[in-house]
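Everything below concerns the one structure shown next.
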Amino acid sequence: MTVESTAARKPRRSAGTKSTAGKRTTARNAPGTDPELVQLLTPEGKRVKNAAYDKYVAGVTPEELRGLYRDMVLTRRFDAEATSLQRQGELGLWASLLGQEAAQIGSGRALRDDDYVFPTYREHGVAWCRGVDPTNLLGMFRGVNNGGWDPNGNNFHLYTIVIGSQTLHATGYAMGVAKDGADSAVIAYFGDGASSQGDVAESFTFSAVYNAPVVFFCQNNQWAISEPTEKQTRVPLYQRAQGFGFPGVRVDGNDVLACLAVTRWALERARNGEGPTLVEAYTYRMGAHTTSDDPTRYRGDEERLAWEAKDPILRLRRHLEASNHTDEGFFAELEAESEALGRRVREAVRAMPDPDHFAIFENVYADGHALVDEERAQFAAYQASFADEDGGK
């Protein structure tokens, strides 16, 4: 079966629509042109100095750089396989992270094991860093479970579909961490669209007032589905933190080294009792919002191509090659590992069993509930009626 790409279904549009997309492209600052953007690797892979953040990556070895590259490559391969699976009817929906690998891997590798993560539904790279098996991410999108992992096993919460609500969960958890006297930190991921939600504003208020050890990590990928960032805010997103009384910083979200450094700095503040931080990772969603979306309807090719030239994986590869930190053997081995991962994911998805129809009634209340018991019995009778109609078969 031929898999038709989103780009292949590009619809016709008027000259007026194309002109609007062009205006949106020129309205945005690209990484490297914003003086307030923290950047340690240029799109060409050149290492640049930063007096404030260099110390947070001073000890990164060539082996660790190769590890970051491996993380991004395998995460992208998994993401591509999941997209193909959805196109072939194996998943109901998929939210791709294409283009956001550096933001997720850089921040994810900054975390300690005892830190706690509250994701949205696109943090596949962070899940990878937390040791969550990639195949477990797909159960919910296949409709066989509500999340295939134990959140406490990896300190990685289940995916959150309700936009922005996980920031409240993260703030409450962080307040609890502070009351317990622990020195761990909490990180909440959300997108530029979620930054307009009331839940996020409320989280900012509570975390500031209670000095909660939480890092708000906003992946600004420029588009809240079809809404551009300029329709979400009149100032850069990181500046919103000022009004709540805590610092915000904008980092080049396509620079994995800068994302690692800035997140380490923000987590250090949290652990030292200095309260919350807002990190805006300025990046780009190179694919669709989800597999039900067609981005060619609302943005132009010029914008996409400009950001593809700043591909986070290509950026780090250029740096590794220019610094003589790797060779062709490394890339060949990684390519083989990548293909093996894709095959494993595909086989695992197709082998997933149908869910237990009665699992929905479990874990609703800690000690059980009479109404749940009644509903379970009603559902059992309903299910039994089908067997009766088939003559008990």
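Being open to solvent by less than 10 Å² (accessible area, probe 1.4 Å), under 30 Å from Tyr210 (Cα atoms) and not polar (S, T, N, Q) is the requirement here; does Pro151 meet it?
Working: open to solvent by less than 10 Å² (accessible area, probe 1.4 Å): no; under 30 Å from Tyr210 (Cα atoms): yes; not polar (S, T, N, Q): yes.
Here the answer is no, as Pro151 does not meet what is asked.
Tell me yes or no: at least one residue of the stretch 85-106 is touching a Gly at 6+ places or on another chain (Cβ under 9 Å), more than 22 Å from Arg304 (Cα to Cα), outside any loop (DSSP other than H, G, I, E, B) and open to solvent by 10 Å² or more (accessible area, probe 1.4 Å). Walk me through it before giving the result.
From the stretch 85-106, those touching a Gly at 6+ places or on another chain (Cβ under 9 Å) are 86, 91-92, 96-106; that's our starting set.
If we keep only those that are more than 22 Å from Arg304 (Cα to Cα) as well, we get 86, 91-92, 106.
Narrowing the set further to residues that are outside any loop (DSSP other than H, G, I, E, B) leaves 86, 106.
In the following step, the residues that additionally are open to solvent by 10 Å² or more (accessible area, probe 1.4 Å) were identified as 86.
So far as the stretch 85-106 goes, yes, one or more of its residues are touching a Gly at 6+ places or on another chain (Cβ under 9 Å), more than 22 Å from Arg304 (Cα to Cα), outside any loop (DSSP other than H, G, I, E, B) and open to solvent by 10 Å² or more (accessible area, probe 1.4 Å).
Within the stretch 227-238, which residues are surrounded by fewer than 17 Cβ atoms within 10 Å (Cβ to Cβ) and under 20 Å from Ala270 (Cα atoms)?
Within the stretch 227-238, no residue meets the criteria.
Out of Glu123, Glu101, which single residue is at pLDDT 95 or above, touching a strand residue (DSSP E or B) at 6+ places or on another chain (Cβ under 6 Å) and either within 26 Å of Leu334 (Cα to Cα) or among the hydroxyl-bearing types (Ser, Thr, Tyr) (or both)?
Glu123
Looking for something within 13 Å of the chain's Cα centre (by Cα) and either in contact (Cβ under 8 Å) with a residue 24 or more places away in the chain or open to solvent by 20 Å² or more (accessible area, probe 1.4 Å) (or both) - is there at least one such residue anywhere in the stretch 168-184? Give the derivation first.
So in the stretch 168-184, the residues within 13 Å of the chain's Cα centre (by Cα) come out as none.
No, every residue in the stretch 168-184 fails to be within 13 Å of the chain's Cα centre (by Cα) and either in contact (Cβ under 8 Å) with a residue 24 or more places away in the chain or open to solvent by 20 Å² or more (accessible area, probe 1.4 Å) (or both).
Within the stretch 138-175, how many residues turn out to be touching a helix residue (DSSP H, G or I) at 6+ places or on another chain (Cβ under 6 Å), part of a helix (DSSP H, G or I) and under 22 Å from Gly92 (Cβ atoms)?
Total satisfying the criteria: 2.
Given the criteria buried (at least 22 other Cβ atoms within 10 Å of the Cβ) and more than 27 Å from Ala306 (Cα to Cα), does Leu111 qualify?
Numbers: buried (at least 22 other Cβ atoms within 10 Å of the Cβ): yes; more than 27 Å from Ala306 (Cα to Cα): yes.
Judged against the criteria, Leu111 is a match.
Quick one: is Val144 touching a Pro at 6+ places or on another chain (Cβ under 6 Å), open to solvent by 20 Å² or more (accessible area, probe 1.4 Å) and modelled with pLDDT under 95?
Numbers: touching a Pro at 6+ places or on another chain (Cβ under 6 Å): yes; open to solvent by 20 Å² or more (accessible area, probe 1.4 Å): yes; modelled with pLDDT under 95: yes.
Judged against the criteria, Val144 is a match.
Could you tell me which of the residues Gly342, Gly329 is within 28 Å of Glu81 (Cβ to Cβ) and in contact with an Asp or Glu (Cβ under 6 Å, 6 or more places away or on another chain)?
After applying the criteria, what remains is Gly342.
For the condition open to solvent by less than 30 Å² (accessible area, probe 1.4 Å), touching a residue at least 60 places away in the same chain (Cβ under 8 Å) and farther than 20 Å from Ile105 by Cα, what is the one hit in Asp311, Asp354, Asp293?
Exactly one residue qualifies, and that residue is Asp293.
With the requirement that a residue be in contact (Cβ under 8 Å) with a residue 24 or more places away in the chain and in contact with a Phe, Trp or Tyr (Cβ under 7 Å, 6 or more places away or on another chain), what does the stretch 119-141 give you?
The answer is Pro119, Thr120, Tyr121, Glu123, His124, Val126, Ala127, Arg130, Val132, Pro134, Phe141.
So if I check each of Ala336, Ala332, Ala322, Ala270, which one is of a type outside the set (D, E, K, R) and under 22 Å from the mean Cα position of the chain (by Cα)?
Answer to the selection: Ala270.
Looking at Ala288, Ala322, which is the one that is open to solvent by less than 20 Å² (accessible area, probe 1.4 Å) and either closer than 18 Å to Ala80 by Cβ or aliphatic (A, V, I, L, M) (or both)?
When all the criteria are applied, what remains is Ala288.
Where residues in the stretch 206-217 are touching a helix residue (DSSP H, G or I) at 6+ places or on another chain (Cβ under 6 Å) and of a type outside the set (Phe, Trp, Tyr), which of them is surrounded by the most Cβ atoms within 10 Å (Cβ to Cβ)?
Here the residue is Val214.
Going by the conditions given, is Leu316 under 22 Å from the mean Cα position of the chain (by Cα), within 15 Å of Met72 (Cβ to Cβ) and buried (at least 17 other Cβ atoms within 10 Å of the Cβ)?
yes
Filter the stretch 239-267 for residues that are open to solvent by 30 Å² or more (accessible area, probe 1.4 Å) and farther than 16 Å from Val60 by Cβ and give the result. Quick ask: steps written out before the conclusion?
Step one: list which residues in the stretch 239-267 are open to solvent by 30 Å² or more (accessible area, probe 1.4 Å), which gives 239-240, 242-245, 247, 264-265.
Within the stretch 239-267, Gln239, Arg240, Gln242, Gly243, Phe244, Gly245, Pro247 qualify.
The values are calculated or read from the model by the stated rules, or taken from the named source; none is laboratory data. As the structure is a computational prediction, the values presented were derived from the model and not from experiment. No Cβ is skipped: glycine too gets one built from the backbone with ideal geometry, and neighbour counts run over all protein chains shown. Remember, those area values only see protein heavy atoms, side chains included, never the ligands or the DNA or RNA. Shrake-Rupley method; radii C 1.70, N 1.55, O 1.52, S 1.80 Å.
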